[in-house]
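Let me begin by presenting the structure, written as structure tokens, before commenting on it.
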Amino acid sequence: MKFSLVLTSVLMKSGDVFERTVGEKVEIRCPYSDDNKYTPKYFCRNPCGNKHVLIKTAKTDQVVSDGRYSMIDNVSGRFFTVTIKDLRLKDSGVYYCGVDKWFRDTLKKVHLSVRKAAPVNRPSHISEKTITSTTTTTTAWTTATLTSAVVTSSLQTNDSFYNINVAVVCAGVLVLLVFGVLVALVFLCRKRSHSTSRSLTGAVPENSVQDSPDLNQMGTSAHSQFYPKVPISDYKPY
């Protein structure tokens, strides 16, 4: 870069105004004409002397980095872009996009204003970064809440289903026990009735035999009444 002591050798162009917040980054686009495609470019801070040059190009279409500053020359688009990241309050001021030419550099003025981040209790001045962070946090919390509600509902449904199954099983077991008891009672009653009938049927013939008179004894008694016994000594043959 070569600076002439003659003020008329510098062509000045009005520039843009960029406003950013501390901690953010800014991208400054610097256009140039077709005849400057392969001319060296640089970016400097006012008053833009040799010691105020912040970064300059090396080759076209290649990114050059130096600390918080980076630069790329887009030849096809006829512009180069300067990026300043992690902005600070002291970065506020006037800058220049420069095209290094013999005896007459072309400079474009750029105004950069860096302000403090807005307080949290002032939503009307919250930066985009803060809004994005808050939205992300709210979305994550909502998702976690919905997930927890779904899991809780599922657990409650499973518990209800389990309780219903237990109740059905208990009722089935109780019915089986009652049925078994009834069957046992019927079996015992039938067995007792059958035993009683058999005992009554076996007792009737014995009483009949014991109480019936002896026919032989009755015949003997009748014969002795009508035909008295005669002693053998008194028996006389005819």
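The values are calculated or read from the model by the stated rules, or taken from the named source; none is laboratory data. Fair warning: this is a prediction, and the values are worked out from it, not measured in the lab. For neighbour counting, all protein chains shown are included, and Cβ atoms are generated from backbone atoms with ideal geometry for every residue, glycine included.
Observations on the model:
For (1) closer than 30 Å to residue 23 by Cα; (2) exposed (fewer than 13 other Cβ atoms within 10 Å of the Cβ); (3) assigned by TED's automatic domain parsing to the domain that holds residue 16; (4) at pLDDT below 85, each residue gets a yes or a no:
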{"residue": "86", "(1), (2), (3), (4)": "yes, yes, yes, no"}
{"residue": "89", "(1), (2), (3), (4)": "yes, yes, yes, no"}
{"residue": "111", "(1), (2), (3), (4)": "yes, no, yes, no"}
{"residue": "147", "(1), (2), (3), (4)": "no, yes, no, yes"}
{"residue": "160", "(1), (2), (3), (4)": "no, yes, no, yes"}
{"residue": "181", "(1), (2), (3), (4)": "no, yes, no, no"}
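- Selection of the stretch 91-109 for residues being part of a loop (DSSP other than H, G, I, E, B) and over 15 Å from residue 20 (Cβ atoms) yields 100, 101, 102, 103, 104, 105.
- Total residues in the stretch 31-70, condition closer than 22 Å to residue 102 by Cβ and among the aliphatic types (A, V, I, L, M): 3
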